Structures are given as structure tokens and as C-alpha cells.
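Below: the structure, in C-alpha cells.
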Amino acid sequence: MAASLQRVPDVEIDDGGVFKYVLLRVRPRAAAASEPGKDVVRGHGWAEFHADIYDRAAAELQPQGFECECLGGGRISHQSGEKKIHVFGYSVGFGRANHSVTTEKLKAKYPDYEITWADEGY
């Protein structure tokens, strides 16, 4: 199971701007629900709703043999020029993601960035 999950990128976000994001738990479809899976971050400016990001991610993962569940959402402010990312807010439909988990995933992908989070804001 772990080997197949390695194919799924931990983070896929836009290169800049302020946009919605979701924190997803991805598992192989054949895995038992009790297996932990892998948490991934997806954030894009094209999305009007957090569900739009979830729907696209689920549609991309399903043919690869994975299923996903949304653990919550929020917003990301990505200032690539200043190498800063701020995670904040919540999703009306999915609730607030655990921003500390999201921040750790982002720090692994962007080790030279200043990355912060707060529960405040929308």
C-alpha cells in the first residue's frame, strides 16, 4: 500500500495568489477503512467552492485506484516572490482543515519558505 501512495503528490497548489484549499485523506480503494492512508493538500484559484477542488482531485485519483475523503478546507495565501505562505480560514461545506497538518506538508515541499497558519479569517 505505502508504495502506491508514494505516487500521489503531498502538495499541489497554485504558484501564487490567495485561493481555497482542501486537506484530503487518500487511500487505495482496496484498503480497509481502518488503514491510515495519506493526507494531501490541494489548492487552486480556479475553484469557486472547496467542493470543486475535492471533486477534481477525486476524479483524478479514482482511475489510479485511489479514493479520498475531505478532512476540511481553508485558504492559502502564496506569495512566491517573498517566499511566504499563510494558511487560514475554513470551508463552509467541509469545515476547517487541521492547518497544522497542512503547514507541515507545505514546509516539506517549500523548505526555504516562511510558512504560517491561523484559524482566524475566511
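Checked against the criterion of being modelled with pLDDT of 95 or more and more than 15 Å from TYR21 (Cβ to Cβ), the candidates GLU114, GLU104 yield just one match: GLU114.
Checked against (1) over 19 Å from HIS99 (Cα atoms); (2) modelled with pLDDT of 95 or more; (3) not basic (Lys, Arg), VAL40 passes all but condition (1). What do you reckon, is LYS38 under 13 Å from the mean Cα position of the chain (by Cα) and surrounded by fewer than 22 Cβ atoms within 10 Å (Cβ to Cβ)? Yes, satisfied. No other residue among ALA47, ALA97 is of a type outside the set (Phe, Trp, Tyr) and farther than 15 Å from TRP117 by Cα apart from ALA47.
Within the stretch 48-62, does at least one residue satisfy the condition of being in contact (Cβ under 8 Å) with a residue 12 or more places away in the chain and closer than 16 Å to GLY121 by Cα? So far as the stretch 48-62 goes, yes, one or more of its residues are in contact (Cβ under 8 Å) with a residue 12 or more places away in the chain and closer than 16 Å to GLY121 by Cα. Taken over the stretch 80-118, residues that are at negative phi and either loosely packed, with under 13 Cβ neighbours inside 10 Å or of a type in the set (Phe, Trp, Tyr) (or both) amount to 15. Determine if the stretch 86-104 includes at least one residue that is among the acidic types (Asp, Glu) and in contact with a helix residue (DSSP H, G or I) (Cβ under 8 Å, 6 or more places away or on another chain). No: zero hits.
The values are calculated or read from the model by the stated rules, or taken from the named source; none is laboratory data. Note that this is a predicted model, so its numbers are computed, not measured. Cβ atoms come from the backbone with ideal geometry, glycine included; neighbour counts cover every protein chain shown.
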